[in-house]
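The values are calculated or read from the model by the stated rules, or taken from the named source; none is laboratory data. Because the structure is a prediction, the values reported are computed rather than measured. We place every Cβ from the backbone using ideal geometry, glycine too, and count neighbours over all the protein chains shown. Keep in mind that these areas ignore ligands, DNA and RNA; they rest on the heavy atoms of the full protein, side chains included. Shrake-Rupley method; radii C 1.70, N 1.55, O 1.52, S 1.80 Å.
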Amino acid sequence: MEAIVLAGGLGTRLAHVVADVPKPMAPVSGTPFLQHILDHLVQQGVSHIVLAVGYKKEAITSYFQNSYRGVPISYSVEESPLLTGGAIKQALAYCREDPVFISNGDTLFDVDYAQMMAAHQAAHADISIAVKPMEQVGRYGRVAFDQDMRVQSFHEKGFCEKGAINGGVYLLQRGVVDTITANKFSFEKDVMEDHPAGKRIFACPSAGYFIDIGVPEDYEKAQKDFQERR
């Protein structure tokens, strides 16, 4: 299995809390958050990791260098921001397998990758999305899917008693973005949310631990959570 981690984020909402490092390198319980993500990838059996980097990339490349816990690392460098879709498209050039896992560099979702791969292949999916069932949903957008887990629509952020959120982990058939001629585009809006009925997009619900450090409140929650996990 191969995985791309989108680690080029500016982290503007965390700037006054964590300065001088890219968001994925924000320390959580004394360790860069990105390292916690890589630990999970290694545990799930990923054999090659591509880090899509940009803003202050040297902080990442100098820390992890060319491998982590025996797993080789490649770097896809954005000379200018490509948005999530452009970053994925460029990073796929470093991958050989199909499909490829994609993970956001500011979220950790404890998903069973083997289980997700099996469901993806059984559904002949173009894209599989790991979703997290939640109550009192407000901060995140929601993913609506039918009884066969096929995604029907995406809903913007807004309060909802119950819903499944996009957990920031995807399994992608590379042909989905290979055909896009633009170099800069949003994976979420231009690929998934643009006519989802025209693609085979499936949800993979998981009850695993989920944290997004994109805002100060959840960054502080991550500190407490990881201290307790240790």
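Below are the figures for this structure:
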item: Gaussian network model of the chain, Cα within-10 Å springs - most flexible of HIS155, HIS120, HIS40; result: HIS155
item: Estimated FRET transfer efficiency when R0 is 25 angstrom, pair ASP39-LYS221 (beta carbons, to 0.05); result: 0.85
item: Solvent accessible area, Å² - GLU135, 1.4 Å probe, full protein context; result: 130 Å²
item: Candidate lysines - alpha carbon under 20 Å from LYS189, same-chain residues fewer than 8 apart omitted; result: LYS89, LYS132, LYS157, LYS199
item: All lysines inside 16 Å of LYS221 as judged from Cα atoms, apart from same-chain residues fewer than 8 positions distant; result: LYS23
item: Viscosity 1.002 mPa s, 20 °C: Kirkwood-radius Stokes-Einstein D of segment 78-133 over Cα pairs, µm²/s; result: 164 µm²/s
item: Charge dipole (the chain, unit charges on Cβ, about Cα centre) - positive-most of SER103, PRO216, VAL143; result: PRO216
item: Rounded FRET efficiency, nearest 0.05, which uses the C-beta distance separating ASP98 from HIS155 and R0 of 35 Å; result: 0.70
item: LYS132 accessible area, assembled protein chains, probe 1.4 Å, Å²; result: 30 Å²
item: Extension gain, ARG69 back to SER47 (0.36 nm per residue minus Cα-Cα distance, nm); result: 6.9 nm
item: Trypsin sites (Lys or Arg not before Pro) within segment 93-147: DSSP coil, no more than 13 neighbouring Cβ in 10 Å; result: ARG96
